[in-house]
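Shown next, in structure tokens, is the structure this report addresses.
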Amino acid sequence: MTVLIRAQELSRWYGIVMGLNNVTFQIEPGLTGLVGPNGAGKSTLIQIITGQLKPSSGQLTVFGLAPWNNPPLLRRIGYCPEGEAVPKELRPLEWLEGLGLMSGLRADEVKGRAEAILDKVKLPREHWGKRLGQYSKGMKQRVKLGQGLLHDPELLVLDEPMNGLDPMGRQEVAQTLKELSAGGVSILISSHILAELEALCNNILLLNWGRILASGSQKEIRSDIKNWPEELEIECDAPEKLARHLFAAGVLAGFDLSPEEGLLRIRVKDAASFYEQWTALLLESGAMVHAIRSRSRSLQNIYDKVTT
Amino acid sequence: MPLHDAHYQHWGGAHTGIWGRRWVIAQNGLSACLRSKLLRYVVLVSWVGGLLMAAFLFFLGQLLVPDSNMTRWVMQISPDIRAFVRMFTSWLQDHPEVSVGTTQNVLFYYYGVYSMPLSIIALGMALPALITRDLASNAILIYSSKAVTRGDYLLGKFCTAFGVMTLTWLGPLCGAWFVGNLLAPDWTFFWHARIALIHVLIFGLSSMAVLSLLALGVSAVSSREKSTPALWFTWWVLGLAIQPIALHTLQWLRHLSFGYNLKQIALAVFHLGRELQTAQDSIPILGQLLRQVPPATRAALDHPLLGGAVMGLAVMLLTAALIVNKRVVPE
């Protein structure tokens, strides 16, 4: 697999404050989530990737090239920052056309491209005549996403792109990102809404205190964490009966019952052995199972595990 | 109806070069500046000034031709004036280098120096569109992620400020020179007035570069749209106010005014003292007038404080560079 972003002993400090502390990792093409609490170093990393900050030591390459002071490379990268970063006195088309030209698009093609992108991010046409200062947060978010896509980047870096969007908007943006990914655009997305990242991203990069805590696919990360407790949520008609049976079989480390909801939450001792016996145990219990969800597979769980 | 592909469309066009992208930054900045109606009025007033200057040059040029309509009309006013004009025109014809060259050099010095305030006002109005708004809206984050370096961005903004000054200062100055000499009775006027144009270009371009860089610095001081013009105008007015006070106390304080420093450079570039001496020695009537100029004033014209002015401007430019370096960075 080719490597999209490679960091080697990368550090960035601001005076005595460490933004990134000697991190080494690589990101492969596709959809990658960047997860970490405030101050984890996500923005520093994003700014180094988008060529806005110079590493204090070590190196980072995108498509094999260092982004700092490298306009030809930056042309291949799109960036959508977290906060409001739109000039309020301009209309969306005016701004996007200017940005398109700044990115090297030709004057005779930029208007059509800007219009297509605004349609793509589903900014209603009736609002195109308004100044950006009059836009809601969600609409500004769409325009910001649009400017990141305008010059057809190969890598799109998004910092909290779902902020300010309503649930429908989030779904639309997620759909757009999936389409982009399917179209060959690699995406690095930072978000605090872990459930959305989980549904969207193949790979994740977990940061805290300027260090990389985990990177790779969720499965790989889970397999790397020792003593990982497998937690399952089972929806069934007789949770107490099932709990008793599993407990008697000696496979549980613990469980929680919610009989009124028909839910049983279990923590298993040895995941591999449990899954080998699981079908037989279930049949023997006589309980009718409606749904099984792995709680430990959630990104939130992984995040909690590695940051505590 | 055929189905259209609603999926993401890749863009397959050719990219423009870096100079084209820098030009876009400058052009967009200039368009943003010219959205201000007040600034458009200042541009208009500047060009009206240029036209008046051209008309004045046309009038002077006509006086050099004994049988021109203008000369004939002036000679009709009274017999004394007729005698004076005859003497004057014949003398001017004998000394075209002085009558055209020196006169235009002196005129363009005064026009250049005294039309500069209009350009400083225009630049003050343009300040928010330079860097302030980009800092206020945080759009600088997005600009710095595009295929341009910070240097390209600043160069574009510098060109915006330079463009505003070209529209309000150098443009009218050069326009007045060109039209004034185009309407002159003889093509040789262009030749005799060449030194004035060279001085205009040297002084104009260097002053515009300095003022544009200072404007970038002031524009980057704050992200409040009202603060940066207020700071600019306060600095300029304080500089003007401090000059008479500093003359009798701490003279170096005068160099805190960029206007004063640029005036010293203008005196040096146009060689005003030397040109006035030439005029005094060559033109009888001017000689009498110029002898009445106080010695202190003549000394100031003869010996501009170039060292202090350059030093003062260098300190200002360094400060502006430090501010820009500190402020024009992604958060």
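Key figures for this structure:
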quantity: A:Lys42 being in contact with an Asp or Glu (Cβ under 8 Å, 6 or more places away or on another chain), surrounded by fewer than 17 Cβ atoms within 10 Å (Cβ to Cβ) and not small (Gly, Ala, Ser); calculated: no
quantity: Qualifying residue in segment B:225-241 (condition: surrounded by fewer than 17 Cβ atoms within 10 Å (Cβ to Cβ) and in a loop (DSSP other than H, G, I, E, B)); calculated: yes
quantity: Filter pass, A:Gly30 being buried (at least 16 other Cβ atoms within 10 Å of the Cβ), assigned by TED's automatic domain parsing to the domain that holds A:His151 and in contact with a helix residue (DSSP H, G or I) (Cβ under 6 Å, 6 or more places away or on another chain); calculated: no
quantity: Matching helices (runs of 4 or more DSSP H) fully within segment B:61-175 where at least 3 residues are over 28 Å from the mean Cα position of the chain (by Cα); calculated: B:69-75, B:79-94, B:140-143
quantity: Hey, A:Leu105 part of a loop (DSSP other than H, G, I, E, B), open to solvent by less than 10 Å² (accessible area, probe 1.4 Å), farther than 24 Å from A:Ala199 by Cα and at pLDDT 85 or above or not; calculated: yes
quantity: Some residue of segment A:120-138 being at the interface with another protein chain (Cβ under 9 Å from one of its Cβ atoms), in a helix (DSSP H, G or I) and charged (D, E, K, R); calculated: yes
quantity: Pick from segment A:209-222, criterion part of a helix (DSSP H, G or I) and open to solvent by 90 Å² or more (accessible area, probe 1.4 Å), ranking: modelled with the lowest pLDDT; calculated: A:Lys219
quantity: Residue that is modelled with the lowest pLDDT, among those in segment B:89-114 that are open to solvent by less than 20 Å² (accessible area, probe 1.4 Å) and small (Gly, Ala, Ser); calculated: B:Ser99
quantity: Where B:Val164 falls short, out of the listed (1) surrounded by fewer than 21 Cβ atoms within 10 Å (Cβ to Cβ); (2) more than 9 Å from chain A (Cβ to nearest Cβ); (3) over 30 Å from B:Thr71 (Cβ atoms); calculated: (1)
quantity: Close pairs from segment A:71-90: first within 12 Å of B:Ala139 (Cα to Cα) and more than 7 Å from chain B (Cβ to nearest Cβ), partner open to solvent by less than 40 Å² (accessible area, probe 1.4 Å) and charged (D, E, K, R), Cβ under 6 Å, at least 6 apart; calculated: A:Cys80/A:Lys144; A:Glu82/A:Asp159; A:Glu82/A:Glu160
quantity: Output for segment A:257-273, where each listed residue is under 13 Å from A:Leu232 (Cβ atoms) and either open to solvent by 70 Å² or more (accessible area, probe 1.4 Å) or modelled with pLDDT under 85 (or both); calculated: A:Arg267, A:Val268, A:Lys269, A:Ala271
quantity: Complete set of residues in segment A:38-64 that are more than 11 Å from every other protein chain (Cβ to nearest Cβ) and under 17 Å from A:Leu207 (Cβ atoms); calculated: A:Asn38, A:Gly39, A:Ala40, A:Gly41, A:Lys42, A:Leu45, A:Pro55, A:Ser56, A:Gly58, A:Leu60
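The values are calculated or read from the model by the stated rules, or taken from the named source; none is laboratory data. If you're wondering where the values come from, they're calculated on a predicted model, not measured in any experiment. Cβ atoms come from the backbone with ideal geometry, glycine included; neighbour counts cover every protein chain shown. Note: areas computed on protein heavy atoms with side chains; ligands, DNA, RNA excluded. Shrake-Rupley method; radii C 1.70, N 1.55, O 1.52, S 1.80 Å.
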